[in-house]
Each structure stands twice: as C-alpha cells, then as structure tokens.
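Q: Below is a structure I'd like to ask you about.
What follows draws every value from the coordinates through simple rules; no lab data is involved. Not measured: the values here are computed from a predicted model. Methodologically, a virtual Cβ is constructed for each residue, glycine included, from the backbone with ideal geometry; neighbour enumeration extends over all protein chains shown.
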Amino acid sequence: MGLIIVPQEYDNLPRNLAPICIEDRDAAGEPINLEWIERGVRPIHRRLCNLTERIVGDLWAVSEVAGNAVHSLWREYGDHLGSDPARQVQARAQWEAKDIRAGGWRLRKGWERYLDDLDETIRAAISLDPRDYGQTYDMHLDLQALTRGEDPMLKRIVDLYLRAWTWQEIGAELERKPNTVEQKFLRWTQRCRHNDDIA
C-alpha cells in the first residue's frame, strides 16, 4: 500500500499549510482511481488545510480529513467522478472534519446517547453464561419481544450481532453491504429507544 502526497514538492510549504497523505488503495486492497486525488484534492489543497484547521482545530489532521473524504467518495461512486470532483471532495471533507471534531459520526448525529440503554441489554445478552439456561431463555424472550413485527432480515442481523459477528461478516452472510446492515440495526435501535411501549 502506497501513499500519494499532495503537493509533491512539500518541503517548502508555508507554515499555514500541511502536506496531505492519502493511501492509494482502499480497505479491500484495490487501487483507487487516482483522479479523485489529482482532480479532487490537488486543486483545493489550501482550502482543505483551512477547512481542517477551522473545524478540527489541528492543521495536521488534514491527511485524515482528505483521506477519509476521498476513500468514502471512492466507495460510493467508484470511477464516476462527476463534473467537479474538487467540489465533492470539499463537501465530503467538511463532514469528515465535523465527525473528527465530534469524536465520530455517531456522536455527531447524537446516536450514541440513544444506544446507551439498549447497548446495556445487548451487552448483557452477549455476556450471558451459556450454562445459565433460565437467564438465556429470559434474554431470548426479551429479544423476541424487541424484534416482534420486524422483518426477518433484521431479526437475523440482531441474532448475528449478539453472537459477536462483525458488520463485515454479517454483510457477507446476508449478501448486503456491511454499512447497510449496520444502518438497519442502528435505525432499529433508535426506534426501540423512542418507543414508549418497549422502553
């Protein structure tokens, strides 16, 4: 896995700019389309530095911000750069910077606080003593009640999650993108958290 550095002549950058280092391969090890960097990052190097310093408060986080933006655009659009990849990179970088400042996209959207109570139930289910059949049976009934009326795929997602499968493994098992199954699970937990009957 290699790094692309923007700009190439980074030795004499002014103090208010930092070089941007972006991995040239995605998480699966496939090479990304370098046009996302050439046409998306290079033309707006200064803007990305300013944006990162303004939102994150740390100029040197610009590689993380720009790298996350490029790789998420690559995952979403692949080789379809559109007419203005620099504008897409800048817009995505703004969200990436906000996520970093907040501690992650879940915290930025406020999802973590909704999951606190439900996570406790799920953690309890995962940490059950398998030899305590009474407790296991009660937890099974609780989870059946929580997923009553839900589609079979969601029930399977919850079941696999409780068995400590990763989102990648669950996605592969259900032949869906890992992000898709995770989002489905998170939307369900939000509904549970806001449903007075269940709460």
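Q: State, to one decimal in nm, how far the label point of Glu23 lies from the label point of Trp165, with both points 7 Å from Cα in the Cβ direction.
A: Result for the modelled spin labels: 2.5 nm.
Q: Run the quick spin-label model on Lys177 and Glu76: label points 7 Å from Cα toward the beta carbon, then report their separation in nm to one decimal.
A: 0.9 nm
Q: In addition: Based on the Cβ-Cβ distance from Gln8 to Arg101, what FRET efficiency comes out when R0 is 45 Å, to the nearest 0.05? Before the final figure, lay out each step's value.
A: Numbers: r = 29 Å, r/R0 = 0.65.
In this case the efficiency is close to 0.95.
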